[in-house]
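Read through the structure below, which is laid out as structure tokens, and then see the notes.
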There are 2 protein chains.
Amino acid sequence: MQVTDFYVSAPGKAILHGEHAVVHGKVALAVSLNLRTYLRLKATTSGKVCINLPNIDTFLSWDLSQLKQLVTYFHGKRDEVQRLDAELVRRLREFIGVTNGNLDTCSMATLSFLYLYLSLFGSGELPSLTLTVWSELPTGAGLGSSAAYSVCLAAALLCASGAIPPPLKEWEHTARWCQEELELINSWAFQGEMIIHGNPSGVDNAVGTWGGMLRFLAGKIIPLSRVPLLRILLTNTKVPRSTKVLVAGVKDKINKFPSIMVPVLDSVDAISCTCEKVLSEMTCEPITGEHYNILEELIDINQHHLNVMGVGHPALDRLCQVTLAKGLHSKLTGAGGGGCGITLLRPETDSLIVQSTVQELKDCGFDCWETSIGGPGVQLLHLKGSTTSNGRIFLQGVLTSCTFQSLHFSLLPEERN
Amino acid sequence: MQVTDFYVSAPGKAILHGEHAVVHGKVALAVSLNLRTYLRLKATTSGKVCINLPNIDTFLSWDLSQLKQLVTYFHGKRDEVQRLDAELVRRLREFIGVTNGNLDTCSMATLSFLYLYLSLFGSGELPSLTLTVWSELPTGAGLGSSAAYSVCLAAALLCASGAIPPPLKEWEHTARWCQEELELINSWAFQGEMIIHGNPSGVDNAVGTWGGMLRFLAGKIIPLSRVPLLRILLTNTKVPRSTKVLVAGVKDKINKFPSIMVPVLDSVDAISCTCEKVLSEMTCEPITGEHYNILEELIDINQHHLNVMGVGHPALDRLCQVTLAKGLHSKLTGAGGGGCGITLLRPETDSLIVQSTVQELKDCGFDCWETSIGGPGVQLLHLKGSTTSNGRIFLQGVLTSCTFQSLHFSLLPEERN
């Protein structure tokens with residue numbers, strides 16, 4: 001057991017093309033969203049396990065002795081990650097006092113943490129440690145915030161347990177794991193997702209793990225080798241919606257008008273394939289304005305198709321109008337019916353245009369971030385963070401030269417121990 | 001020759017579904033638009049032929065002796081209507097002084113009138129008469145105003161020449177011709193259209209002749225037996241556009257993204273077929289709210305598809321927004337890129353809603369009419385119009401009980417001569 005202090009981060013996820021169509025056997029493209037979740041793991045000698053989740057006001061700690069009682073039966077197969085250990089889940093639910101009904105965010109986060117912690121350390125000595133996880137991602141917005149959390153947990157705990165080695169240094173301040181290790185991280189993150197979502201598709205944790213772009217078709221997830229980093233605005237209209245109701249609505253519409261709707265799904269499929277082709281070209285030939293023109297056209301066409309499916313919303317129309325008035329192209333991402341949208345920024349898009357667009361979108365009552373898609377997956381950060389007298393860590397200076405784009409540590413919480 | 005005084009009218013045309021897709025071998029549905037063109041034919045003893053076109057400020061007259069010189073060669077085959085008599089067209093262009101270049105509206109209207117007049121009367125004695133034609137249709141807006149003019153001319157002159165008998169009385173004040181006679185009217189109207197447009201599709205004059213709805217597929221025009229009369233708003237955004245440029249743009253987009261665009265055309269085709277089926281059901285079973293729901297959904301989907309084809313316009317988006325805010329559904333009709341849009345009104349749509357919608361659209365700078373689609377084609381009106389001291393005819397009282405819906409005679413001009 002080699003518990004040392006370190007940081008990991010994992011990206012959120014956006015659907016670039018193919019939302020809803022994917023339910024009907026068509027290709028979807030999921031991309032990493034560089035609004036990231038960060039985890040700090042700190043070895044302690046307190047005899048306690050602490051988890052701090054400042055975004056959801058959750059600060060919990062348990063004595064190791066309490067936790068040990070939960071794993072008396074434990075066989076400790078760390079690579080048996082095909083399905084959940086139902087007995088452990090049952091014991092944990094009892095332990096945190098949520099034996100029935102739906103779990104709230106705090107309980108789900110706690111449950112998945114304890115599940116991974118005990119699964120990975122239960123066969124040996126339980127380590128004292130403090131985990132702090134915070135995120136730039138809004139929760140419940142379809143941006144894979146729970147997956148980014150699970151990926152961070154899996155990577156940090158696997159690394160701390162020695163199941164995977166510290167990753168190879170990639171850049172000055174970041175490091176990534178090799179393929180086999182990423183697969184293990186992804187498998188354990190999927191377990192966390194199963195606890196949180198019941199029956200997740202596996203796309204979100206795969207994007208959080210591999211980053212870049214994934215092709216998702218008929219349940220198969222294929223990470224794509226190379227994609228360019230694209231500047232975007234991510235806008236959360238904050239209009240609440242039910243993914244289940246939206247998916248059912250699309251299905252009803254297809255059943256009602258099959259001859260009209262099936263071609264629309266075919267067209268969306270072709271949009272995903274065309275987009276994948278263009279992005280692939282952008283990594284192996286000089287990027288031109290025409291590449292961006294095509295990406296913009298695909299965004300516009302797909303947004304119309306999503307409206308045809310009935311998953312648009314006046315707030316999303318507003319997003320499209322506001323951005324189009326600035327020469328920018330937007331579409332909803334994810335379930336629609338409100339929720340989030342993405343706006344493609346061109347390399348030459350002036351920062352004044354971006355700023356005024358962000359301001360106008362905020363004036364509409366939306367949250368809006370300038371960020372990027374297609375960036376790296378889970379990473380370990382080599383940080384020289386210094387703890388101040390009140391426990392706050394300053395990372396800003398260290399990170400300015402690293403690969404993260406528009407990384408803001410405003411969310412970095414006071415660490416509690 | 002049995003020239004008597006009478007009135008005929010013919011409707012304009014709107015494309016309900018399938019514009020642009022029709023160019024690529026898909027079905028389009030053309031419907032009659034109850035903004036009509038009216039013609040009054042008055043027998044005179046002046047030895048002159050006069051034509052008054054108040055909408056375009058054209059008031060012309062010729063001595064019969066002048067016109068007789070144009071037909072010295074004339075063989076007078078009245079049913080040879082497959083193609084234009086090129087020699088007559090050449091003589092007429094010379095006669096009105098437009099031997100080369102594009103013709104203005106006034107010259108085209110004059111040329112087609114004289115062509116039909118001389119073709120139908122040239123083999124015998126030329127009658128003295130005064131024709132007055134006025135219209136509720138805006139010109140150059142893709143609403144078949146030239147075809148409605150040609151249909152009125154053809155019907156009136158065929159009737160006056162005795163080539164077709166006065167039609168059977170249909171209602172108290174209107175009468176229609178039988179199928180064979182309508183075919184003759186349509187053929188001659190097509191000649192008028194050829195003079196005006198060069199290479200017309202024949203759809204506009206067919207709608208003007210038969211009214212109701214026509215299915216247009218691969219150059220074939222099939223009048224549909226029965227369709228319900230639907231209340232609509234017809235809005236002219238007055239944004240100028242070039243049909244030629246728009247058609248070329250769609251073609252380019254299909255060539256650029258065939259896998260994305262071909263399914264969209266298939267979907268539009270299915271929309272037209274579904275709409276035809278629903279309208280047919282509405283004539284043979286009780287009309288329900290669900291029929292209207294489907295018509296509204298088809299309108300929305302097609303409008304999105306037309307945007308995908310790139311023939312939308314912010315003014316049309318505005319039309320859709322303003323009407324949707326009132327619970328009404330709109331799409332562009334015709335070439336798009338500005339031009340006109342139609343908004344479906346439900347039977348239960350309150351007149352206050354309609355009025356306030358019309359007002360809002362007018363406030364956007366648009367022209368807007370409450371009218372209907374699917375109404376009758378060319379008709380003869382039995383009118384007891386009385387000429388006042390200044391020559392203006394009052395028809396209002398006579399027409400209130402007839403089949404025309406929302407018929408306004410505000411355009412009725414002073415008759416000259």
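The values are calculated or read from the model by the stated rules, or taken from the named source; none is laboratory data. Fair warning: this is a prediction, and the values are worked out from it, not measured in the lab. Positions of Cβ are backbone-derived with ideal geometry, glycine not excepted, and every protein chain shown enters the neighbour counts. Only protein heavy atoms, including side chains, enter the accessible area calculation; ligands, DNA and RNA are left aside. Shrake-Rupley method; radii C 1.70, N 1.55, O 1.52, S 1.80 Å.
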Open item on the list: Which of the three applies to segment B:240-361, rounded, prolate or oblate, going by the alpha-carbon gyration tensor with a ≥ b ≥ c and a/c under 1.5 meaning rounded?
Closed with: oblate
Task: Percentage relative contact order, segment A:1-61, counting C-alpha pairs under 8 Å, at least six apart - done: 34
- [ ] Quantify, in whole percent, the carbon and sulfur part of the accessible surface of the protein assembly as shown (1.4 Å probe; protein heavy atoms only).
- [x] 51
Task: Among B:Gly365, B:Leu126, B:Thr235 - extreme Cα towards positive end, dipole of chain B, charges at beta-carbon - done: B:Leu126
TODO: Enumerate the calculated ³J(HN,Hα) couplings along segment B:120-136 in order (Karplus 6.51 cos²θ - 1.76 cosθ + 1.60, θ = phi - 60°), each rounded to whole Hz, writing x wherever the residue is Gly or Pro.
DONE: 8, 10, x, 7, x, 7, 7, x, 6, 7, 10, 10, 10, 10, 9, 8, 8
Open item on the list: Can you tell me the orientation of helix B:351-363 relative to chain B, as the angle in degrees between its alpha-carbon axis and the longest Cα principal axis, to the nearest 10?
Closed with: 80
Task: Alpha-carbon radius of gyration plus Dmax, which is the widest Cα pair, for the protein assembly as shown in Å - done: 35.7, 120
Task: FRET efficiency, 1/(1 + (r/R0)^6) with R0 25 Å, evaluated for B:Val23 and B:Asn102 via beta carbons - done: 0.65
- [ ] Place a +1 charge on the Cβ of each Lys and Arg in segment A:180-277 and a -1 charge on the Cβ of each Asp and Glu, then give the dipole magnitude about the Cα centre in debye, rounded to the nearest 20.
- [x] 520
Open item on the list: Compute the distance from the alpha-carbon center of segment B:219-271 to that of segment A:275-309, in whole Å.
Closed with: 24
Open item on the list: Let me spell out the model: positive unit charges on the Cβ of Lys and Arg, negative unit charges on the Cβ of Asp and Glu, origin at the Cα centre of segment A:241-379. What dipole size does that give, in debye rounded to 20?
Closed with: 720
- [ ] Specify which residue in the list B:Thr274, B:Asn307, B:Thr349 is farthest towards the positive end of the charge dipole of chain B, using unit charges on the beta carbon of Lys, Arg (+1) and Asp, Glu (-1), about the Cα centre.
- [x] B:Asn307
Task: Within 10 Å of each Cβ in B:266-274, the average number of Cβ atoms from other chains - done: 5
- [ ] Could you check which residue among B:Thr209, B:Thr323, B:Thr283 shows the biggest mean-square fluctuation in a GNM of chain B with a 10 Å Cα cutoff?
- [x] B:Thr283
- [ ] Kindly write out, for segment B:212-223 in residue order, the coupling ³J(HN,Hα) from the Karplus curve 6.51 cos²θ - 1.76 cosθ + 1.60 (θ = phi - 60°), rounded to whole Hz, with x marking Gly and Pro.
- [x] x, 9, 10, 9, 10, 8, 6, x, 8, 10, 10, x
Task: Unit charges on C-beta of K, R, D, E only; dipole of segment A:92-189, Debye - done: 120
- [ ] Mind listing the long-range amide H neighbours of B:Gly310? Cut-off is under 5 Å, sequence gap 5 or more, other chains count too, H placed in the peptide plane at 1.01 Å from N.
- [x] none
- [ ] Output, in nm with one decimal and in ascending order, the distances from the B:Ile287 label point to the matching label points of the other copies (7 Å from Cα along Cα-to-Cβ).
- [x] 5.5
Open item on the list: At R0 = 35 Å, how high is the FRET efficiency between B:Thr243 and A:Ile287 if r is their beta carbon distance? Nearest 0.05 is fine.
Closed with: 0.45
Task: Folded to 0 to 90 degrees: helix A:258-284 orientation relative to chain A principal axis, Cα - done: 70
Task: Among A:Thr323, A:Gly47, A:Pro166 the positive-end extreme of the charge dipole of chain A (Cβ point charges) - done: A:Gly47
Task: Among B:Val207, B:Val133, B:Val247: highest mean-square fluctuation, GNM of chain B, C-alpha pairs under 10 Å - done: B:Val247
Task: Using θ = phi - 60° and Karplus 6.51 cos²θ - 1.76 cosθ + 1.60, couplings along segment A:34-45 (whole Hz; Gly, Pro as x) - done: 7, 9, 10, 9, 10, 10, 10, 10, 10, 6, 10, 10
TODO: Please express the Cα-Cα pair-distance distribution P(r) of segment A:111-171 as a list of whole percents, one per 5 Å bin, running from 0 to the bin with the greatest distance.
DONE: 3, 15, 25, 22, 17, 11, 6, 1
- [ ] Quick one: pull the percentage of alpha-carbon pairs in chain A with a separation above 35 Å.
- [x] 28
- [ ] Mind checking B:291-303 for the average number of partner chain beta-carbons within 10 Å of each residue's beta-carbon?
- [x] 2
Task: Area buried, chain A against chain B - accessible surface, total, 1.4 angstrom probe, square angstrom - done: 1800
- [ ] Quick one: angle between helix A:243-256 and the longest Cα principal axis of chain A, in degrees between 0 and 90, rounded to 10, please.
- [x] 40
TODO: Quick one: which residues, 5 or more positions from B:Thr58 or on another chain, have an amide H under 5 Å from its amide H? H modelled 1.01 Å from N in the peptide plane, none for Pro or chain starts.
DONE: B:Leu53
Task: Sequence-distant residues sharing a close amide H with A:Val239 (under 5 Å, placed H) - done: A:Gly339
Task: Most mobile of B:Trp134, B:Trp210, B:Trp188 in a GNM of chain B (Cα contacts under 10 Å) - done: B:Trp134
TODO: Tell me the trypsin sites (Lys or Arg not before Pro) within segment B:222-267 that lie in a loop according to DSSP and have at most 15 other beta-carbon atoms within 10 Å.
DONE: B:Arg226, B:Lys238
- [ ] Quick one: grab the alpha carbon gyration tensor of segment B:99-239, order the square roots of its eigenvalues as a ≥ b ≥ c, and give me rounded if a/c is under 1.5, else prolate or oblate depending on whether a/b is larger than b/c.
- [x] oblate
